[in-house]
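Visitor: A single structure is presented below for examination.
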Amino acid sequence: MRHAGHFLRLVALVAVAVVGFLFVRSQVVPKDFGVTGHFRLSAIADEGKREARHIGSDACAECHDDIGKSWKTGKHHTPQCENCHGPGLMHTKVVAEESTTAYPDKILKLKNAIKRPTGIQECKWCHLRTFERPSTLKSIANVEAHVSEHKGTFTKDTKCIDCHNPHTTLVTFDAKGLPVKPKIAP
Ligand code: HEC
Ligand code: HEC
Ligand code: HEC
Ligand code: HEC
(Lines give C-alpha, C1' and ligand atoms only; values in the text may rest on other atoms or scores of the structure.)
(Ligands and ions follow the chains in the order given, each with its own letter.)
Protein backbone atom coordinates (compact mmCIF):
# COMPACT_ATOMS: atom_id res chain seq x y z
CA MET A 1 0.00 0.00 0.00
CA ARG A 2 3.05 2.19 0.05
CA HIS A 3 2.36 3.47 -3.48
CA ALA A 4 -1.42 4.07 -3.19
CA GLY A 5 -0.78 7.83 -2.95
CA HIS A 6 0.95 7.89 -6.33
CA PHE A 7 -1.91 5.95 -7.88
CA LEU A 8 -4.60 8.24 -6.45
CA ARG A 9 -2.75 11.31 -7.66
CA LEU A 10 -2.61 9.84 -11.15
CA VAL A 11 -6.35 9.07 -11.10
CA ALA A 12 -7.10 12.60 -9.86
CA LEU A 13 -4.96 14.08 -12.64
CA VAL A 14 -6.76 12.05 -15.30
CA ALA A 15 -10.14 13.00 -13.78
CA VAL A 16 -9.23 16.72 -13.87
CA ALA A 17 -8.08 16.36 -17.47
CA VAL A 18 -11.32 14.60 -18.51
CA VAL A 19 -13.57 17.12 -16.73
CA GLY A 20 -11.54 19.98 -18.13
CA PHE A 21 -11.82 18.57 -21.66
CA LEU A 22 -15.59 18.10 -21.33
CA PHE A 23 -16.00 21.63 -19.98
CA VAL A 24 -13.99 23.29 -22.77
CA ARG A 25 -15.78 21.15 -25.34
CA SER A 26 -19.22 22.17 -24.03
CA GLN A 27 -18.16 25.83 -24.33
CA VAL A 28 -16.63 25.79 -27.83
CA VAL A 29 -18.75 23.27 -29.77
CA PRO A 30 -21.75 25.10 -31.32
CA LYS A 31 -25.12 24.01 -29.88
CA ASP A 32 -26.46 22.90 -33.27
CA PHE A 33 -23.43 20.75 -34.11
CA GLY A 34 -24.29 17.11 -34.85
CA VAL A 35 -28.08 17.60 -35.02
CA THR A 36 -28.35 15.96 -38.44
CA GLY A 37 -24.75 14.90 -39.07
CA HIS A 38 -21.13 15.75 -38.41
CA PHE A 39 -21.58 19.46 -39.11
CA ARG A 40 -23.17 22.64 -37.75
CA LEU A 41 -26.83 22.74 -38.81
CA SER A 42 -26.90 26.54 -39.28
CA ALA A 43 -23.90 26.25 -41.66
CA ILE A 44 -26.39 25.35 -44.41
CA ALA A 45 -28.26 28.65 -43.99
CA ASP A 46 -24.96 30.56 -43.75
CA GLU A 47 -23.76 29.08 -47.04
CA GLY A 48 -27.16 29.82 -48.61
CA LYS A 49 -26.71 33.51 -47.81
CA ARG A 50 -23.50 33.74 -49.84
CA GLU A 51 -23.83 35.52 -53.15
CA ALA A 52 -23.71 33.26 -56.22
CA ARG A 53 -20.51 33.92 -58.18
CA HIS A 54 -21.95 32.69 -61.46
CA ILE A 55 -24.65 34.77 -63.17
CA GLY A 56 -25.56 32.56 -66.15
CA SER A 57 -25.23 33.05 -69.90
CA ASP A 58 -28.57 34.85 -70.30
CA ALA A 59 -27.31 37.61 -68.00
CA CYS A 60 -24.10 37.96 -70.05
CA ALA A 61 -26.13 38.16 -73.25
CA GLU A 62 -28.17 41.09 -71.92
CA CYS A 63 -25.14 43.33 -72.41
CA HIS A 64 -23.10 41.34 -74.94
CA ASP A 65 -26.12 40.86 -77.16
CA ASP A 66 -24.17 40.33 -80.41
CA ILE A 67 -21.97 37.59 -78.96
CA GLY A 68 -24.93 36.23 -77.02
CA LYS A 69 -26.91 35.83 -80.24
CA SER A 70 -24.16 34.22 -82.32
CA TRP A 71 -23.40 31.86 -79.41
CA LYS A 72 -27.01 30.84 -78.88
CA THR A 73 -27.80 30.26 -82.55
CA GLY A 74 -24.43 28.64 -83.35
CA LYS A 75 -22.92 25.21 -82.76
CA HIS A 76 -21.25 26.13 -79.49
CA HIS A 77 -24.23 26.85 -77.25
CA THR A 78 -23.55 23.87 -74.98
CA PRO A 79 -20.48 25.28 -73.18
CA GLN A 80 -21.71 28.30 -71.19
CA CYS A 81 -20.04 31.74 -71.18
CA GLU A 82 -18.70 31.18 -67.69
CA ASN A 83 -17.22 27.76 -68.55
CA CYS A 84 -14.61 29.66 -70.54
CA HIS A 85 -14.68 33.14 -68.99
CA GLY A 86 -14.99 32.19 -65.31
CA PRO A 87 -17.55 33.52 -62.82
CA GLY A 88 -19.09 36.85 -63.87
CA LEU A 89 -20.29 38.38 -60.58
CA MET A 90 -17.36 40.79 -60.04
CA HIS A 91 -17.52 41.89 -63.67
CA THR A 92 -21.20 42.90 -63.48
CA LYS A 93 -20.95 44.40 -59.99
CA VAL A 94 -18.82 47.19 -61.40
CA VAL A 95 -21.63 48.06 -63.76
CA ALA A 96 -24.24 48.06 -61.00
CA GLU A 97 -22.14 50.46 -58.94
CA GLU A 98 -21.41 52.79 -61.84
CA SER A 99 -24.59 53.12 -63.86
CA THR A 100 -23.25 56.03 -65.88
CA THR A 101 -21.83 56.24 -69.37
CA ALA A 102 -18.38 55.94 -67.79
CA TYR A 103 -18.89 52.28 -66.99
CA PRO A 104 -17.19 50.67 -69.99
CA ASP A 105 -13.86 52.14 -68.86
CA LYS A 106 -14.54 51.26 -65.28
CA ILE A 107 -15.40 47.66 -66.06
CA LEU A 108 -12.13 47.15 -67.94
CA LYS A 109 -10.11 48.57 -65.06
CA LEU A 110 -11.07 45.63 -62.89
CA LYS A 111 -8.57 43.50 -64.76
CA ASN A 112 -9.18 40.13 -63.21
CA ALA A 113 -12.94 40.41 -62.88
CA ILE A 114 -13.52 38.37 -66.02
CA LYS A 115 -11.14 35.98 -67.72
CA ARG A 116 -9.93 36.36 -71.25
CA PRO A 117 -9.66 32.68 -72.11
CA THR A 118 -6.43 31.44 -73.64
CA GLY A 119 -8.15 30.20 -76.80
CA ILE A 120 -6.29 26.90 -76.58
CA GLN A 121 -6.04 25.55 -73.04
CA GLU A 122 -9.78 25.51 -72.30
CA CYS A 123 -10.49 24.11 -75.77
CA LYS A 124 -8.13 21.22 -75.06
CA TRP A 125 -9.83 20.49 -71.74
CA CYS A 126 -13.01 19.63 -73.60
CA HIS A 127 -11.81 18.58 -77.07
CA LEU A 128 -8.62 16.55 -76.74
CA ARG A 129 -9.59 12.92 -77.28
CA THR A 130 -9.35 10.78 -74.17
CA PHE A 131 -11.05 7.49 -73.44
CA GLU A 132 -13.20 9.04 -70.69
CA ARG A 133 -14.94 11.56 -72.96
CA PRO A 134 -18.21 10.75 -74.74
CA SER A 135 -17.52 9.67 -78.31
CA THR A 136 -20.37 11.96 -79.46
CA LEU A 137 -18.29 15.04 -78.57
CA LYS A 138 -16.21 16.02 -81.59
CA SER A 139 -12.59 15.79 -80.58
CA ILE A 140 -9.09 15.94 -81.97
CA ALA A 141 -6.34 13.48 -81.12
CA ASN A 142 -3.35 15.74 -81.60
CA VAL A 143 -3.16 19.51 -82.03
CA GLU A 144 -0.17 19.52 -84.41
CA ALA A 145 -1.69 16.91 -86.71
CA HIS A 146 -5.07 18.70 -86.65
CA VAL A 147 -3.49 22.02 -87.61
CA SER A 148 -1.48 20.63 -90.52
CA GLU A 149 -4.47 18.58 -91.69
CA HIS A 150 -6.34 21.88 -92.03
CA LYS A 151 -3.50 23.66 -93.89
CA GLY A 152 -2.24 25.64 -90.92
CA THR A 153 1.33 26.08 -89.72
CA PHE A 154 1.85 24.72 -86.24
CA THR A 155 4.12 26.69 -83.91
CA LYS A 156 4.37 26.79 -80.11
CA ASP A 157 2.09 29.85 -80.19
CA THR A 158 -0.67 28.26 -82.26
CA LYS A 159 -4.12 28.74 -80.76
CA CYS A 160 -7.44 27.18 -81.67
CA ILE A 161 -8.87 30.69 -82.08
CA ASP A 162 -6.33 31.33 -84.88
CA CYS A 163 -8.92 29.45 -86.96
CA HIS A 164 -12.07 28.87 -84.88
CA ASN A 165 -14.35 31.62 -83.60
CA PRO A 166 -14.73 30.48 -79.96
CA HIS A 167 -18.39 31.53 -79.78
CA THR A 168 -19.59 29.76 -82.93
CA THR A 169 -16.66 27.34 -83.64
CA LEU A 170 -16.83 28.49 -87.29
CA VAL A 171 -13.68 28.64 -89.41
CA THR A 172 -13.30 31.42 -91.98
CA PHE A 173 -11.47 30.63 -95.23
CA ASP A 174 -9.78 32.93 -97.74
CA ALA A 175 -10.20 32.74 -101.53
CA LYS A 176 -7.54 30.00 -101.74
CA GLY A 177 -9.41 27.91 -99.19
CA LEU A 178 -6.89 28.54 -96.42
CA PRO A 179 -8.16 29.25 -92.88
CA VAL A 180 -7.81 32.87 -91.71
CA LYS A 181 -7.99 34.35 -88.23
CA PRO A 182 -11.66 34.91 -87.45
CA LYS A 183 -13.19 37.95 -85.80
CA ILE A 184 -13.88 37.08 -82.15
CA ALA A 185 -16.93 39.31 -81.78
CA PRO A 186 -19.59 38.50 -82.62
C1 HEC B 1 -24.25 44.97 -67.36
C2 HEC B 1 -23.54 44.72 -68.59
C3 HEC B 1 -22.59 43.55 -68.68
C4 HEC B 1 -22.83 42.25 -68.29
C5 HEC B 1 -24.07 41.66 -67.63
C6 HEC B 1 -21.66 41.49 -68.69
N7 HEC B 1 -20.73 42.32 -69.28
FE8 HEC B 1 -18.95 41.80 -70.06
N9 HEC B 1 -18.50 43.72 -70.47
C10 HEC B 1 -19.39 44.78 -70.30
C11 HEC B 1 -18.71 46.01 -70.70
C12 HEC B 1 -19.34 47.40 -70.69
C13 HEC B 1 -17.39 45.65 -71.11
C14 HEC B 1 -16.28 46.56 -71.61
C15 HEC B 1 -16.50 47.08 -72.98
C16 HEC B 1 -16.67 46.00 -73.98
O17 HEC B 1 -15.75 45.22 -74.22
O18 HEC B 1 -17.78 45.93 -74.56
C19 HEC B 1 -17.30 44.20 -70.95
C20 HEC B 1 -16.19 43.45 -71.28
C21 HEC B 1 -16.15 42.06 -71.29
C22 HEC B 1 -15.03 41.24 -71.73
C23 HEC B 1 -13.70 41.78 -72.24
C24 HEC B 1 -12.79 41.94 -71.06
C25 HEC B 1 -11.39 42.33 -71.45
O26 HEC B 1 -10.47 42.07 -70.66
O27 HEC B 1 -11.21 42.91 -72.53
C28 HEC B 1 -15.38 39.94 -71.59
C29 HEC B 1 -14.53 38.72 -71.90
C30 HEC B 1 -16.73 39.92 -71.05
N31 HEC B 1 -17.16 41.21 -70.88
C32 HEC B 1 -17.45 38.77 -70.78
C33 HEC B 1 -18.65 38.75 -70.07
C34 HEC B 1 -19.28 37.54 -69.59
C35 HEC B 1 -18.76 36.14 -69.80
C36 HEC B 1 -20.41 37.92 -68.93
C37 HEC B 1 -21.39 37.03 -68.18
C38 HEC B 1 -20.79 36.26 -67.08
C39 HEC B 1 -20.50 39.37 -69.02
N40 HEC B 1 -19.40 39.82 -69.70
C41 HEC B 1 -21.53 40.14 -68.49
C42 HEC B 1 -20.67 44.72 -69.82
C43 HEC B 1 -21.27 43.58 -69.29
C1 HEC C 1 -15.65 27.97 -75.66
C2 HEC C 1 -15.19 29.04 -74.84
C3 HEC C 1 -15.99 30.32 -74.80
C4 HEC C 1 -17.33 30.47 -74.56
C5 HEC C 1 -18.36 29.38 -74.27
C6 HEC C 1 -17.58 31.88 -74.58
N7 HEC C 1 -16.44 32.58 -74.87
FE8 HEC C 1 -16.23 34.59 -75.03
N9 HEC C 1 -14.30 34.35 -75.63
C10 HEC C 1 -13.63 33.15 -75.70
C11 HEC C 1 -12.29 33.37 -76.25
C12 HEC C 1 -11.26 32.30 -76.50
C13 HEC C 1 -12.19 34.76 -76.49
C14 HEC C 1 -11.02 35.52 -77.11
C15 HEC C 1 -10.00 35.90 -76.09
C16 HEC C 1 -8.91 36.72 -76.74
O17 HEC C 1 -8.94 36.95 -77.94
O18 HEC C 1 -8.03 37.13 -75.96
C19 HEC C 1 -13.47 35.35 -76.08
C20 HEC C 1 -13.76 36.71 -76.13
C21 HEC C 1 -14.91 37.28 -75.61
C22 HEC C 1 -15.15 38.71 -75.49
C23 HEC C 1 -14.21 39.81 -75.91
C24 HEC C 1 -14.49 40.15 -77.35
C25 HEC C 1 -13.55 41.15 -77.95
O26 HEC C 1 -13.97 41.79 -78.92
O27 HEC C 1 -12.41 41.26 -77.50
C28 HEC C 1 -16.40 38.86 -74.94
C29 HEC C 1 -17.10 40.17 -74.63
C30 HEC C 1 -16.95 37.52 -74.73
N31 HEC C 1 -16.02 36.59 -75.15
C32 HEC C 1 -18.19 37.26 -74.19
C33 HEC C 1 -18.77 36.00 -74.15
C34 HEC C 1 -20.16 35.76 -73.84
C35 HEC C 1 -21.17 36.81 -73.47
C36 HEC C 1 -20.35 34.40 -73.90
C37 HEC C 1 -21.64 33.61 -73.74
C38 HEC C 1 -22.78 34.08 -74.53
C39 HEC C 1 -19.05 33.80 -74.25
N40 HEC C 1 -18.14 34.81 -74.41
C41 HEC C 1 -18.84 32.44 -74.38
C42 HEC C 1 -14.11 31.91 -75.33
C43 HEC C 1 -15.43 31.64 -75.02
C1 HEC D 1 -16.82 23.19 -71.53
C2 HEC D 1 -16.48 22.35 -72.68
C3 HEC D 1 -16.08 23.01 -73.97
C4 HEC D 1 -15.09 23.94 -74.17
C5 HEC D 1 -14.24 24.62 -73.13
C6 HEC D 1 -14.98 24.11 -75.59
N7 HEC D 1 -15.91 23.34 -76.23
FE8 HEC D 1 -16.14 23.16 -78.24
N9 HEC D 1 -17.78 21.99 -77.95
C10 HEC D 1 -18.24 21.57 -76.71
C11 HEC D 1 -19.48 20.81 -76.91
C12 HEC D 1 -20.31 20.19 -75.80
C13 HEC D 1 -19.70 20.77 -78.29
C14 HEC D 1 -20.84 20.10 -79.02
C15 HEC D 1 -21.92 21.12 -79.18
C16 HEC D 1 -23.27 20.47 -79.39
O17 HEC D 1 -23.35 19.50 -80.14
O18 HEC D 1 -24.21 20.95 -78.78
C19 HEC D 1 -18.59 21.50 -78.92
C20 HEC D 1 -18.41 21.64 -80.30
C21 HEC D 1 -17.26 22.15 -80.89
C22 HEC D 1 -16.91 22.05 -82.30
C23 HEC D 1 -17.67 21.28 -83.37
C24 HEC D 1 -18.80 22.04 -83.92
C25 HEC D 1 -19.49 21.19 -84.98
O26 HEC D 1 -19.10 21.30 -86.14
O27 HEC D 1 -20.39 20.43 -84.61
C28 HEC D 1 -15.73 22.74 -82.48
C29 HEC D 1 -14.97 22.93 -83.79
C30 HEC D 1 -15.34 23.27 -81.18
N31 HEC D 1 -16.29 22.90 -80.25
C32 HEC D 1 -14.21 24.03 -80.97
C33 HEC D 1 -13.87 24.57 -79.74
C34 HEC D 1 -12.82 25.55 -79.52
C35 HEC D 1 -11.93 26.11 -80.60
C36 HEC D 1 -12.78 25.80 -78.18
C37 HEC D 1 -11.91 26.80 -77.45
C38 HEC D 1 -12.07 28.20 -77.82
C39 HEC D 1 -13.81 24.99 -77.54
N40 HEC D 1 -14.46 24.28 -78.52
C41 HEC D 1 -14.05 24.94 -76.19
C42 HEC D 1 -17.67 21.80 -75.51
C43 HEC D 1 -16.61 22.66 -75.28
C1 HEC E 1 -5.21 25.90 -88.93
C2 HEC E 1 -6.56 26.16 -88.50
C3 HEC E 1 -7.10 25.38 -87.31
C4 HEC E 1 -6.61 25.39 -86.02
C5 HEC E 1 -5.41 26.15 -85.45
C6 HEC E 1 -7.49 24.54 -85.26
N7 HEC E 1 -8.50 24.04 -86.07
FE8 HEC E 1 -10.00 22.82 -85.51
N9 HEC E 1 -10.66 22.71 -87.43
C10 HEC E 1 -10.16 23.46 -88.48
C11 HEC E 1 -10.96 23.21 -89.66
C12 HEC E 1 -10.74 23.84 -91.03
C13 HEC E 1 -11.93 22.25 -89.30
C14 HEC E 1 -13.01 21.63 -90.16
C15 HEC E 1 -14.31 22.35 -89.89
C16 HEC E 1 -14.68 23.31 -90.96
O17 HEC E 1 -14.34 23.11 -92.12
O18 HEC E 1 -15.39 24.30 -90.61
C19 HEC E 1 -11.73 21.97 -87.88
C20 HEC E 1 -12.52 21.10 -87.14
C21 HEC E 1 -12.43 20.93 -85.76
C22 HEC E 1 -13.28 20.08 -84.95
C23 HEC E 1 -14.39 19.21 -85.46
C24 HEC E 1 -13.79 17.87 -85.81
C25 HEC E 1 -14.80 16.91 -86.41
O26 HEC E 1 -14.63 15.71 -86.17
O27 HEC E 1 -15.71 17.35 -87.14
C28 HEC E 1 -12.87 20.22 -83.65
C29 HEC E 1 -13.45 19.52 -82.42
C30 HEC E 1 -11.77 21.15 -83.64
N31 HEC E 1 -11.52 21.57 -84.93
C32 HEC E 1 -11.12 21.56 -82.51
C33 HEC E 1 -9.96 22.33 -82.50
C34 HEC E 1 -9.21 22.62 -81.32
C35 HEC E 1 -9.55 22.15 -79.91
C36 HEC E 1 -8.14 23.37 -81.71
C37 HEC E 1 -6.99 23.88 -80.85
C38 HEC E 1 -6.31 22.88 -80.05
C39 HEC E 1 -8.24 23.57 -83.16
N40 HEC E 1 -9.36 22.92 -83.59
C41 HEC E 1 -7.36 24.31 -83.91
C42 HEC E 1 -9.07 24.31 -88.43
C43 HEC E 1 -8.29 24.53 -87.32
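Visitor: Beyond a 25 Å Cα-Cα separation, which of these cross-linked pairs lie in this structure: 49/72; 69/138; 106/156; 72/115?
Guide: Details: 49/72 31 Å; 69/138 23 Å; 106/156 34 Å; 72/115 20 Å.
Check vs 25 Å cut-off fails for 49/72; 106/156.
Visitor: Another question, if that's okay. Round to a whole number: what % of the accessible area of the range 7-49 belongs to carbon and sulfur, probe 1.4 Å?
Guide: So the carbon and sulfur contribution to the accessible surface is 75 percent.
Visitor: Between the helical axis of 4-28 and the dominant principal axis of the chain, each derived from Cα atoms, what acute angle in degrees is found, rounded to the nearest 10?
Guide: 40
Visitor: Further, regarding this structure: If Lys and Arg each add +1 and Asp and Glu each add -1, what is the summed charge of the other residues whose beta carbon sits under 12 Å from the beta carbon of residue 167?
Guide: On the way: positive: 69, 72, 75, 183; negative: 66.
It works out to a net charge of +3.
Visitor: Given the peptides 123-135, 150-162, arrange them by the average over their residues of other C-beta atoms within 10 Å, most packed first. Don't skip to the answer; put the middle values down first.
Guide: Working: 123-135: 11.2, 150-162: 13.2.
Order by mean packing, descending: 150-162, 123-135.
Visitor: Rounded to the nearest whole Å², what accessible area per residue is found for the chain with the 1.4 Å probe? Display every interim value, and only then the final one.
Guide: Working: 14740 Å² over 186 residues.
On a per-residue basis, the chain sits at 79 Å².
The values are calculated or read from the model by the stated rules, or taken from the named source; none is laboratory data. These numbers come from a predicted model, not from an experiment. Using ideal geometry, Cβ is built from the backbone for each residue, glycine included, and neighbour counts are taken over all protein chains shown. Side chains included, ligands, DNA and RNA excluded: accessible areas come from the protein's heavy atoms. Shrake-Rupley method; radii C 1.70, N 1.55, O 1.52, S 1.80 Å.
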